[in-house]
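Asker: To start, I am sharing the structure in question, which I have written as structure tokens.
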Amino acid sequence: MDWKRVKTNNPALTFLLIAIFMISLGRIIFLLNSLVLPFQGSALDQLQATNQFLLPLFAAILSAAAAIYFLRQWSSGDFRRAFVLVFFGFLAILTARASFRAAYITYDQAREFLVYAHGATGIKEVIEQATEISQRTTGGMNIAIAYDASAPDTGVSWPFVWYLRDFTNQRSFDQPTRTLREAVVIIVDEKNFDKIEPAIGPGYYRVDYIRMWWPMQDYFGLVSDRDPNIPFDENYSCSGVLSLLKLAKSKDYSRFCEGFTNPQIRAGIFQIWFNRDYTLYAQTKGRTDLTLETWQPADQMRMYIRKDVAAQIWNYGISTGGDEELTQDPTEGKYIVLTPNLVFDTAQANPVLMNAPRSLAFAANGTVYVADSRNHRILHLDLQGNILHEWGAFADGVSTPIGEGTFNEPWGIAVGPDGSVYVADTWNHRIEKFTADGRFVKTWGSFGQGETPDSFYGPRGLAVDAEGRVYVTDTGNKRIVVFDADGNYITEFGSAGFEPGQFDEPTGVAIDRNGTVYIADTWNQRIQTFTRFETEDGLTFLPDKQWDVFGWFGQSLENKPFIAVNDDLHVFITDPEGYRVMEFDQNGEIVRVWGDYSETSAGFGLASGIAVDPDGNIWVTDGAFNRLMRFTLP
């Protein structure tokens, strides 16, 4: 640009007019991407939108006209250069604004697109609180603090390994165990949320945080596949010029086009781009996960603060002074150390190779049947671990036809008075009956929502009473179905709910010597008992007792407990992700508890099936470390 020539043609005024035009044009674009557009009606907000639009419109017209007047004396080359200079100057201002906001305002918020995955504000808040608690209770940084470093993603180690460097009494953990109760502060990754509660009990306050988050990912899947033989709907969002996209009949561009044709979505996108404000977009889309408190995608974490310590600090405890009366853990003082006196696994001379063993049942002669679920077979073992019989093969009806004696993860197993073996073929949604040596007898059941007596949804627990009746926990349909020994329907009881006689994810079932039925009502976290009555209309079961279980906190596919009853009417349950066994008396009082997480026989990886043998020993399957363990009660 020839600045000497330009100086003679009012350059300062000309650049000012161009700048006014650019600013006015930007304001016009902003208003055209607002929720309320100009010239849409006579309502107050519509009139305000029109008035706000007219001012920059007139400013743009007048400044453009004046700039053109002064630019008449400029050469075409100087004009182009001046326009480029102002245009990029305007972009530089926008860039500086965005950079300042990213560096000093939204730098650690998920609303900012500058970083793909980054630590959330919860990390700093946890460290600040842990530091304050440590300094106020120990006078330094030696408070006992534990953080989750569990596989496969090392839990919250990133970034707490760095942030906890000044804490002299910190340690990491993999699986939550009761030893964590020694820590004043515990930081837990979201994959262990279900496992931490039974490990530490009710003696901690819980605070939820977001550890890491990602920017909004609604740009994923903007274009999807569609059936090219189906005509486009008349309300298809790609209209006008965008209707050219209909030529690609095998692609659906509706989400892409909505960003241009829907004024609310368009305005919402503009607000996200310009102000990182997701309010309008979230309202238009009906989204509740675009606030900093509820943001997704994100990784969650929890901070647990021990109540007896928090009670000493007024802003963490309930009271400002004195000892707080803490909620009691009913298992406290009931733990014993009980190691198995017999283990069947791969370490013995005649190894038993199992993969996620679930339920087990004893025959009258003391031999044991095990549902070896992920090997899709049944094992029949003697008390030396020798395999007497085994049968089964995988079939799911998709890759392999379902046939006689095939399974898709058998979970439940029971033995009848005549020695017949019944198996809950869980994911083929049926029950199979075999002879004691594994010869197929018959099968009944199919997938369903409980429309018929034998329409099952993931049946798990099985039990057989003294008369040979077969009790099936139809887990997904939240009921118990009773059949005779040949699979003929007798009755059923239960429905979805929390009231007595209702269930939420019933899994284990057991029957005592008096005919009382015990149900592990898993997601209601209770045991229910039912009394049997013979009436003119047939067999009826009425709810009798129920008691809470301080356990069964998770709702994963693995956390499915089983239940057993001995001759003393003591009830034994597994707490799979609590790594323990709990014993109750017939009134629901806890007698004893044993177990914790351990890869050795001193604990469990996933306490699953449970049964009582003819001698009164308690047998438990470990579904994580693939072993069968026998315990003799003290």
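The values are calculated or read from the model by the stated rules, or taken from the named source; none is laboratory data. What you are looking at is a predicted structure, and each value in this text was computed from that prediction instead of being measured. Quick reminder, even Gly has a Cβ in these numbers, built from the backbone with ideal geometry, and neighbours come from all protein chains shown.
Asker: Kindly indicate the residue of the stretch 66-106 that is small (G, A, S) and within 20 Å of R276 (Cβ to Cβ) and also nearest to the chain's Cα centre (by Cα) among those meeting that condition.
Answerer: Step one: filter the stretch 66-106 for residues small (G, A, S), giving 66-67, 75-77, 82, 89, 92, 96, 98-99, 102-103.
Retained after the next criterion (residues that are within 20 Å of R276 (Cβ to Cβ)): 92, 96, 98-99, 102-103.
Working: A92: 44, A96: 40, A98: 35, S99: 36, A102: 31, A103: 33 Å.
Per the criteria, the residue is A102.
Asker: Also: Can you spot a residue in the stretch 121-136 that is assigned to a loop (DSSP other than H, G, I, E, B), outside the structural domain of A602 (by TED's automatic domain parsing) and not acidic (D, E)? Break it down stepwise before answering.
Answerer: So in the stretch 121-136, the residues assigned to a loop (DSSP other than H, G, I, E, B) come out as none.
Within the stretch 121-136, not a single residue is assigned to a loop (DSSP other than H, G, I, E, B), outside the structural domain of A602 (by TED's automatic domain parsing) and not acidic (D, E).
Asker: Here's another thing I want to ask about it. Answer yes or no as to whether T443 is assigned to a loop (DSSP other than H, G, I, E, B), under 18 Å from D484 (Cβ atoms) and either out of contact with any Leu (no Cβ under 7 Å at 6 or more places or on another chain) or of a type outside the set (D, E, K, R) (or both). Before the answer, list the steps.
Answerer: On the way: assigned to a loop (DSSP other than H, G, I, E, B): no; under 18 Å from D484 (Cβ atoms): yes; either out of contact with any Leu (no Cβ under 7 Å at 6 or more places or on another chain) or of a type outside the set (D, E, K, R) (or both): yes.
For T443, the condition - assigned to a loop (DSSP other than H, G, I, E, B), under 18 Å from D484 (Cβ atoms) and either out of contact with any Leu (no Cβ under 7 Å at 6 or more places or on another chain) or of a type outside the set (D, E, K, R) (or both) - is not met.
Asker: Let me ask something else about it. For the stretch 614-631, name all the residues that are assigned to a strand (DSSP E or B) and under 30 Å from the mean Cα position of the chain (by Cα).
Answerer: V620, T621, D622, R627, L628 - these are the residues of the stretch 614-631 that are assigned to a strand (DSSP E or B) and under 30 Å from the mean Cα position of the chain (by Cα).
Asker: Conditions: (1) within 18 Å of A414 (Cβ to Cβ); (2) in the same structural domain as E583 (by TED's automatic domain parsing); (3) in contact with a Lys or Arg (Cβ under 8 Å, 6 or more places away or on another chain). A485 meets all but one. Number of the miss?
Answerer: (2)
Asker: What about F30, is it over 46 Å from the mean Cα position of the chain (by Cα) and of a type outside the set (G, A, S)?
Answerer: Against the criterion (over 46 Å from the mean Cα position of the chain (by Cα) and of a type outside the set (G, A, S)), F30 does not qualify.
Asker: Just the residues that are exposed (fewer than 14 other Cβ atoms within 10 Å of the Cβ) and of a type in the set (A, V, I, L, M, F, W, C), please, taken from the stretch 94-113.
Answerer: L94, A96, F100, A103, I105
Asker: Starting from the stretch 76-92, keep only residues that are within 11 Å of M22 (Cα to Cα), then list their pairs with residues that are of a type in the set (G, A, S) whose Cβ atoms are within a distance under 9 Å, requiring at least 6 positions of separation or different chains.
Answerer: V86/A19; G89/A19; F90/A19; F90/G26
Asker: Right, here's the next one. Run P459 past the list (1) farther than 25 Å from D382 by Cβ; (2) without any contact (Cβ under 8 Å) to a residue 40 or more places away in the chain and report the number of the one that doesn't hold.
Answerer: Failed condition: (2).
Asker: Residues in the stretch 444-457: is at least one within 19 Å of Q528 (Cα to Cα) and either under 30 Å from the mean Cα position of the chain (by Cα) or surrounded by 20 or more Cβ atoms within 10 Å (Cβ to Cβ) (or both)?
Answerer: no
Asker: Here's another thing I want to ask about it. Quick one: which of D45, D78 is outside the structural domain of Y281 (by TED's automatic domain parsing), in a helix (DSSP H, G or I) and at pLDDT 75 or above? So that I can check it myself, show each step before the final result.
Answerer: On the way: D78 fails: at pLDDT 75 or above.
None of the others qualify; the one that does is D45.
Asker: Still on this model: What are the residues in the stretch 10-29 that are over 15 Å from L85 (Cβ atoms) and either modelled with pLDDT under 75 or assigned by TED's automatic domain parsing to the domain that holds Q271 (or both), if any?
Answerer: N10
Asker: Something else now. Of the residues D418, D425, only one is touching a residue at least 60 places away in the same chain (Cβ under 8 Å) and assigned by TED's automatic domain parsing to the domain that holds F604; which?
Answerer: Answer to the selection: D418.
Asker: Right, here's the next one. Residue under question is A59, and the condition is that it be closer than 24 Å to P263 by Cβ, at pLDDT 80 or above and either in contact with a helix residue (DSSP H, G or I) (Cβ under 7 Å, 6 or more places away or on another chain) or not in a helix (DSSP H, G or I) (or both); does it hold? Spell out the reasoning first.
Answerer: On the way: closer than 24 Å to P263 by Cβ: yes; at pLDDT 80 or above: yes; either in contact with a helix residue (DSSP H, G or I) (Cβ under 7 Å, 6 or more places away or on another chain) or not in a helix (DSSP H, G or I) (or both): yes.
Criteria met by A59.
Asker: Further, regarding this structure: Give me the residue from the stretch 491-516 that is in a strand (DSSP E or B) and of a type in the set (S, T, Y) and, out of that set, nearest to K560 (Cα to Cα). Before you say what the answer is, go through the steps one by one.
Answerer: So the first thing to find is which residues in the stretch 491-516 are in a strand (DSSP E or B), and the list is 491-493, 496, 503, 506-511.
With the extra rule that they be of a type in the set (S, T, Y), the set shrinks to 491, 507.
Values: T491: 24, T507: 6 Å.
Per the stated criteria, the residue is T507.
Condition check ((1) surrounded by fewer than 22 Cβ atoms within 10 Å (Cβ to Cβ); (2) at pLDDT 95 or above; (3) out of contact with any helix residue (DSSP H, G or I) (no Cβ under 9 Å at 6 or more places or on another chain)) across all residues:
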{"residue": "V591", "(1), (2), (3)": "yes, yes, yes"}
{"residue": "E599", "(1), (2), (3)": "yes, no, yes"}
{"residue": "G609", "(1), (2), (3)": "no, yes, yes"}
{"residue": "V612", "(1), (2), (3)": "yes, yes, yes"}
{"residue": "I618", "(1), (2), (3)": "no, yes, yes"}
{"residue": "D622", "(1), (2), (3)": "no, yes, yes"}
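Asker: I need every pair where a residue in the stretch 536-564 that is closer than 17 Å to T516 by Cβ has its Cβ under 6 Å from the Cβ of a residue that is exposed (fewer than 13 other Cβ atoms within 10 Å of the Cβ), sequence separation at least 6 or different chains.
Answerer: Correct list of pairs: T540/F533.
Asker: With the condition kept exactly as written, say whether any residue in the stretch 119-128 is crowded, with 18+ Cβ neighbours inside 10 Å, among the acidic types (D, E) and out of contact with any strand residue (DSSP E or B) (no Cβ under 6 Å at 6 or more places or on another chain).
Answerer: no
Asker: Continuing with this model, one more query. Considering only the stretch 124-155, state which residues are under 31 Å from the mean Cα position of the chain (by Cα) and on the phi > 0 side of the Ramachandran plot.
Answerer: Result: T154, G155.
Asker: Same structure again: Out of the stretch 589-634, which residues are within 17 Å of G551 (Cβ to Cβ) and either aliphatic (A, V, I, L, M) or not assigned by TED's automatic domain parsing to the domain that holds L462 (or both)?
Answerer: Hits for the stretch 589-634 are I590, V591, V593, L606, A607, I610, I618, V620, A624.
Asker: Also: Can you confirm whether F533 is aromatic (F, W, Y) and exposed (fewer than 15 other Cβ atoms within 10 Å of the Cβ)?
Answerer: yes
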